[in-house]
Amino acid sequence: MDFDNEEAAINFQRIMGHVLFNPPNVAGWPSGNTWIDSSSLMYRLQLPKIVSAGTDISVTLKADDDVQMGKTARPIRALSATIKWPLYFQSFVGIDIEKLREELKLFLLQSNTSPSDHMLDKYSKQDSREALLASRSILLMQCPEYQYC
Amino acid sequence: MLLKRRSFIKGSGLATASLMMPRFLHAFDADDKVPAGNKVLVVLQLSGGNDGLNTVIPYRNDIYYKSRPGIAIAKENAIRLTDETGLHPSLNYLGKLYEQGALGILNNVGYPEPDRSHFRSMDIWQSASAANQYWETGWLGRFLDDQCKDCNHSTQAIEIDDMLSLALKGKAKNGFAFKDLRKLYQAARSPFLQDLLNAHDREHAEHTASYLYKTLADTKKSTAYIYEHSQQVATGVYPNHELGRNLKTVASLILSDINTKVYYVSIGSFDTHVAQDQQQSRLFSQINEALQAFVTDLKKNNRFEDVLIMSFSEFGRRVAQNASRGTDHGSANNMFFISGGLKQKGLLNELDDLTSLKLGDLQYKIDFRRVYATVLENWLNVKAEPILGNAFEPLRFI
């Protein structure tokens, strides 16, 4: 995936509450269950859809006065990124379409549980192999399980 | 199960009739809402370190004028409070509140070994830790833990923002943050998420992502509770800027019958290193307008006695101005308390002592955790010690 704007990639880390190599304080990142709350979870669950569909979003991050020196934070709007689907599809070349559903789960989720195929089928596009792969991947990434990856 | 009258009317065929009722008739529903006497706290965070000395102005003090030749506020421009003290010219509505006995000002609030980093000092204020402690929970989050031990939805503390502050993060429960309730409500109602939740409920198994499923379910439940029980109609005219809109949301929630006791809003940035007066005046005008609309709204609905607005900033600024007509990070600061139910009004203690500075900075006299203890014990009616982790002597202004 290519972000059209590199700052947007950092900002999305900030929305999700974890910026790479930049813990909130010297105590490190919050442990246990405090790392996530209602708002950050909802952003995380919506993120794959937002990026893939280019939907509009407006989020204002908490001001960081140590960096901004008095300037006001502007809301982040559309996060534009180009997903390199063809590259992604190559990982699944040669896999039988019947086995595709299982492979996708193994590829995206690192958990022993996952949503049922029956339910995922209900929301996946089935008209072509590519459409199935893309839509189902986005769905799996919206599952709470994916947040542990 | 306790059936609330409004939920009942909504659920029954009378809903249409009720909607067609003129607004003044709805007033009879009043005792159905959060009962009068049920205290609400609104925290107003001034992010960036507001300059307290140009907020509450000691206009008879020579040291003040000598230290700030370019930015000190002249006596004739300040809003007069007493012979010695005035407010910043943009805060004229607060001057009116002072005359009405609805404003309390506490000077010299801070903590030992003040930290000059915005981020760190804000963490200290929000978590109520000491300067050498690093806590992962906030004081209002721990209040929430206490309030919501086995409650259905943790909606006792709400932040009007896109992201949740440390102040509202508890050990077991987290507060709730939103700017646009309708958007959150709709996102939480997505059919795919609903199916995921239903499927998860059926499994009953110990699950890797159980905690996240639980958070998701809680989010859904809480959003629905707030959305369906609030009328989303504030009754006054609010200024069209961020703080105005946010306080309008707070008012509409206070006037509905949800169980929220704490609201959290922020405005900034007060980090006025350069050309301080323009920036501080602009922000104060917004605060002034927004508070005027908010307090007028509360008074009209007879809730001003039950609502306490408390302002704070992570630190004050240095006594002397810098070379850019601004001020740099300092230490102690003042706090405002606005309510129709104050026990002590006006200036609650003496002004900052400009003769005994420590390396050019004010020395605090009141630990901010004593203020928190006061609000918790005397306003929100809970024991402060377990929440603050230590005993702090409450003050008596509420």
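The values are calculated or read from the model by the stated rules, or taken from the named source; none is laboratory data. No experiment lies behind these values; they were computed from the predicted model shown. Counting neighbours? That spans all protein chains shown, and the Cβs are built from the backbone with ideal geometry, glycine included. Each accessible area value is taken on the protein alone, full model and side chains, heavy atoms only, with ligands, DNA and RNA left out. Shrake-Rupley method; radii C 1.70, N 1.55, O 1.52, S 1.80 Å.
Couple of notes before you dig in:
- In sequence order, calculated HN-Hα J values of segment A:141-148 (Karplus, 6.51, -1.76, 1.60; Hz; x Gly/Pro): 6, 8, 7, x, 4, 5, 5, 8
- Amide H contacts of B:N50 (H built 1.01 Å from N, under 5 Å, at least 5 apart or other chain): B:E314, B:F315
- Long-range tail of P(r) for segment B:68-113 (Cα pairs > 18 Å, %): 39 percent
- Linear extension gain, B:F119 paired with B:A74, 0.36 nm per residue minus alpha-carbon span: 12.9 nm
- Counting Lys and Arg as +1 and Asp and Glu as -1 over every other residue whose Cβ lies under 14 Å from the Cβ of B:A290, the net charge comes to 0.
- By the Stokes-Einstein formula, at 1.306 mPa s and 10 °C, segment B:266-348 with its Kirkwood radius over alpha-carbon pairs has D equal to 109 µm²/s.
- Selected from B:Q45, B:Q280, B:Q100 as most flexible by GNM, with chain B as the system and alpha-carbon contacts under 10 Å: B:Q100
- Here the Kirkwood formula, the inverse mean of 1/r across different C-alpha pairs, assigns chain B a hydrodynamic radius of 22.4 Å.
- Per-residue average of Cβ from other chains inside 10 Å of B:120-132: 1
- With protein chains left intact and a 1.4 Å probe, residues in chain B average 42 Å² of accessible area per residue.
- Total buried accessible area between A and B, probe 1.4 Å, nearest 100: 4000 Å².
- Efficiency of FRET between A:E7 and B:D83 - r from beta-carbon atoms, R0 51 angstrom, step 0.05: 0.45
- Per residue of B:153-166, other chain Cβ atoms within 10 Å of the residue Cβ number 3 on average.
- Compactness relative to 2.2 N^0.38 Å, alpha carbon Rg of segment A:85-149: 1.04
- Expressed as a whole percent, the proportion of Cα-Cα pairs in segment B:83-210 lying more than 17 Å apart is 74%.
- For the cross-link pairs A:K122/B:K183; B:K214/B:K300; A:K84/B:K171; B:K261/B:K343; A:K84/A:K125; B:K75/B:K365, the ones whose C-alpha atoms lie over 29 Å apart are B:K214/B:K300; A:K84/B:K171.
- Listed peptides B:377-389, B:309-321 appear in the order B:309-321, B:377-389 once ranked by packing, highest mean of other Cβ atoms within 10 Å at the front.
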